[in-house]
Amino acid sequence: MNDVRILVRIQLGIIVTFIANKIWIRPFVLEHDFSAILNTFVLSYPNFCEAVVGTISLCYLGLVAKHLGLPWVKNSKNTRIYVLVTLLAAAYVILQEFKIHNLGGRNIYDPYDVLFSVLGLIIAYLLLNFLQPQIIEA
């Protein structure tokens, strides 16, 4: 269960940095004459956050579905669930970037947004495989 608590802390940390970036850091950086690299970072960081938080959230749902014995996951190994949820999150964030759907609101295509989304997906997948979260019977 500690693995899930660690993931929750990671998610909360990312959400806090997302809010700080949105409210204070990004406006400050864009108002002042900072480097293009920093501008790109503050503009694309939300895509990274969305990928990590979304993947971990989907993992919770997948593990609960397995715990409840839903037919499509009850016999799956947890590592298969980690791959599946990462692919589902990838479909959402990448298709959104290419404007296949607009569920996330106003979206402007930017290759750096795609890069940050992919980096977030990779980080989330590595976290899931490193921590190996699971639901244990009490």
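A short reminder: the numbers here are calculations on the coordinates, not readings from a lab. It should be emphasised that the depicted structure is a prediction, and the values quoted were computed from it without experimental measurement. Every residue, glycine as well, gets a Cβ built from its backbone with ideal geometry; the counts of neighbours run over all protein chains shown.
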If I take R0 = 22 Å and measure r between the Cβ atoms of Y60 and F34 in this structure, what FRET efficiency does the formula 1/(1 + (r/R0)^6) give, to the nearest 0.05? 0.05
For the stretch 23-40, 3J(HN,Hα) per residue [Karplus equation, 6.51 cos²θ - 1.76 cosθ + 1.60, θ = phi - 60°, Hz, x = Gly/Pro]: 8, 10, 5, 4, x, 5, 5, 6, 6, 9, 8, 9, 5, 5, 5, 5, 4, 4
From the phi of every residue in the stretch 62-72, what ³J(HN,Hα) in whole Hz does the Karplus formula 6.51 cos²θ - 1.76 cosθ + 1.60 yield, where θ is phi - 60° and glycine or proline is x? x, 5, 5, 4, 5, 4, 7, x, 4, x, 6
Based on Cβ point charges of +1 for Lys and Arg and -1 for Asp and Glu, what charge dipole magnitude is obtained for the chain about its Cα centre, in debye rounded to the nearest 20? 480 debye
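Divide by every residue of the chain the summed helix terms, -39500 (n - 2.57) for each DSSP H run of at least 4, and state the resulting mean residue ellipticity at 222 nm, rounded to the nearest 500 deg cm²/dmol.
So the calculated ellipticity at 222 nm is -24500 deg cm²/dmol.
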May I ask you to evaluate 6.51 cos²θ - 1.76 cosθ + 1.60, the Karplus curve with θ = phi - 60°, for each residue of the stretch 6-18 and list the ³J(HN,Hα) values in order in whole Hz, giving x for glycine and proline? 5, 4, 5, 4, 4, 4, 4, x, 5, 5, 5, 5, 4
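Quick check on the stretch 2-131: take the gyration tensor over C-alpha atoms, sort the square-rooted eigenvalues as a ≥ b ≥ c, and tell me if it's rounded (a/c under 1.5), prolate or oblate. Write out the running numbers ahead of the final one.
Numbers: a/c = 2.70, a/b = 1.84, b/c = 1.47.
Because a/c hits 1.5 or more and a/b exceeds b/c, the stretch 2-131 counts as prolate.
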Over the chain, relative contact order from alpha-carbon pairs under 8 Å, at least 6 apart, %: 34 percent
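Sort Y125, Y109, Y82 so the one with the fewest other Cβ atoms within 10 Å of its own Cβ comes first.
Y109, Y125, Y82
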Low-density loop positions, trypsin sites (Lys or Arg not before Pro), the stretch 55-138 - DSSP coil, at most 10 other Cβ in 10 Å: K77, K99, R106
Once you order the gyration tensor axes a ≥ b ≥ c over the Cα atoms, which shape class does the stretch 84-127 get: rounded for a/c under 1.5, otherwise prolate or oblate by comparing a/b with b/c? oblate
Given Cβ charges of +1 for Lys and Arg and -1 for Asp and Glu, the option among P111, Q96, S76 whose Cα lies farthest towards the positive end of the dipole of the stretch 64-128 is S76
All other residues with a Cβ under 11 Å from the Cβ of V93 taken together, and with Lys, Arg as +1 and Asp, Glu as -1, what is their net charge? -3
